[in-house]
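Beneath this line is the structure, given in structure tokens, with notes to follow.
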Amino acid sequence: MSRPTFKRILLKLSGEVLMGQGQYGIDPETCDRVASEVKAIVDSGVELCMVVGGGNIFRGLAGAAQGFDRASADYMGMLATVMNALAMQNALEKAGVDTRVQSAIPMASVCEPYIRRRAQRHMEKGRVVLFAAGTGLPFFTTDTTAALRAAEMGCDALFKGTSVDGVYDADPKKVPTARRYDELSYDRVLADNLKVMDASAVALCRDSDIPIVVFSIRDEGNLAAVVGGEGTATIVRKPQA
């Protein structure tokens, strides 16, 4: 089934993607590869913004499970996303892409504060805006942040780059016979608890009619292919008439 193409998108990357083949931290070569693929998208005329998770450095839920106060752990995770955003900004600027980092937690010496209309103007001028520090509040994930920012920016779609090439009916790493879906409805994802994104993020995309495209960011060149309506991915959207 053919997929639509989009003019303005939000790209959500898990923090783990930036680890490359490592087990922790930020791999500069991986950042550079992702940046080159983002540049190709921007050069094609697509307006793009990004949200990067912080799981390669610190994850709030994991910290809470180890005894940290949950709110404090979530704030630590938000700061990890700022580090990742700055790493991606560096890689993008080396690739010749004009960028801005906006943080939901004000830190004027490091990046801009999150201001919706300013972010929109940046995108209209062809800049890639990286949204850091989540929503600025604990108990919300970067999935929810991505859905929220996509709605605020008027994005046509939310692209979620992961380590698998779509949504499956079981974990393909554990079940070799797992079946990949080409297309799903928001309600099916929520009813079957398919773990595409957090339920709150899926519901927000449903209510804002923002398709979610799940694809593998680890496959070189796949981002450009999927954005162009090709490549391997699963699209979550309202049932088509």
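The values are calculated or read from the model by the stated rules, or taken from the named source; none is laboratory data. Source: prediction; values computed, not measured. Because the Cβ atoms are built from the backbone with ideal geometry, glycine has one as well, and the counts that use them run over all protein chains shown.
If you check Ala71, Ala64 for being surrounded by 14 or more Cβ atoms within 10 Å (Cβ to Cβ) and either among the small types (Gly, Ala, Ser) or free of Cβ contacts under 8 Å to residues at least 40 places away in the same chain (or both), only one passes: Ala64. I'd like to know if region 79-91 contains one or more residues that are of a type outside the set (Lys, Arg), surrounded by fewer than 21 Cβ atoms within 10 Å (Cβ to Cβ) and either more than 19 Å from the chain's Cα centre (by Cα) or closer than 22 Å to Gly154 by Cβ (or both). The answer is no; no qualifying residue exists. Beta carbons closer than 7 Å, at least 6 apart along the sequence or on distinct chains, pair a first residue in region 120-141 that is without any contact (Cβ under 8 Å) to a residue 40 or more places away in the chain with a second that is polar (S, T, N, Q) for Arg127/Thr99; Thr135/Thr144; Thr135/Thr145. Within region 131-182, the residues that satisfy the criterion of being aliphatic (A, V, I, L, M), in contact with a Phe, Trp or Tyr (Cβ under 7 Å, 6 or more places away or on another chain) and within 15 Å of Val213 (Cα to Cα) are Ala157, Val167.
If you go through region 92-119, how many residues are of a type in the set (Lys, Arg) and either in contact (Cβ under 8 Å) with a residue 60 or more places away in the chain or farther than 20 Å from Gly154 by Cα (or both)? Walk me through how you get there before you give the answer.
First, pick out the residues of region 92-119 that are of a type in the set (Lys, Arg): 94, 100, 116-118.
Now restrict to residues that are either in contact (Cβ under 8 Å) with a residue 60 or more places away in the chain or farther than 20 Å from Gly154 by Cα (or both): 94.
Residues that pass the stated criteria total 1.
For region 38-62, taking the residues that are in a helix (DSSP H, G or I) and touching a Gly at 6+ places or on another chain (Cβ under 7 Å), the one that is nearest to Ala104 (Cα to Cα) is identified as Gly60. Against the list (1) at pLDDT 95 or above; (2) buried (at least 19 other Cβ atoms within 10 Å of the Cβ), the condition Gly96 fails is (2).
Of the helices (runs of 4 or more DSSP H) lying entirely inside region 120-213, those carrying at least 2 residues that are crowded, with 21+ Cβ neighbours inside 10 Å and not hydroxyl-bearing (Ser, Thr, Tyr) are 142-152, 199-208. In a residue-by-residue description of region 177-185, the property of being within 18 Å of the chain's Cα centre (by Cα) and on the phi < 0 side of the Ramachandran plot applies to no position.
Every residue, every condition in (1) small (Gly, Ala, Ser); (2) more than 20 Å from Met153 (Cα to Cα); (3) out of contact with any strand residue (DSSP E or B) (no Cβ under 8 Å at 6 or more places or on another chain), yes or no:
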residue: Lys7; (1), (2), (3): no, no, no
residue: Leu10; (1), (2), (3): no, no, no
residue: Leu13; (1), (2), (3): no, no, no
residue: Gly20; (1), (2), (3): yes, yes, yes
residue: Asp27; (1), (2), (3): no, yes, yes
residue: Asp32; (1), (2), (3): no, yes, yes
residue: Glu37; (1), (2), (3): no, yes, yes
residue: Val42; (1), (2), (3): no, no, no
residue: Gly45; (1), (2), (3): yes, no, yes
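Does region 3-11 contain at least one residue that is surrounded by fewer than 17 Cβ atoms within 10 Å (Cβ to Cβ) and modelled with pLDDT of 90 or more? Among the residues of region 3-11, at least one is surrounded by fewer than 17 Cβ atoms within 10 Å (Cβ to Cβ) and modelled with pLDDT of 90 or more, which makes the answer yes. Each residue in region 92-119 was checked for being under 18 Å from Ala150 (Cα atoms), part of a helix (DSSP H, G or I) and within 19 Å of the chain's Cα centre (by Cα), and 2 pass. For Phe131, the conditions (1) under 15 Å from the mean Cα position of the chain (by Cα); (2) farther than 12 Å from Cys49 by Cβ; (3) not aliphatic (A, V, I, L, M) all hold with the exception of (2).
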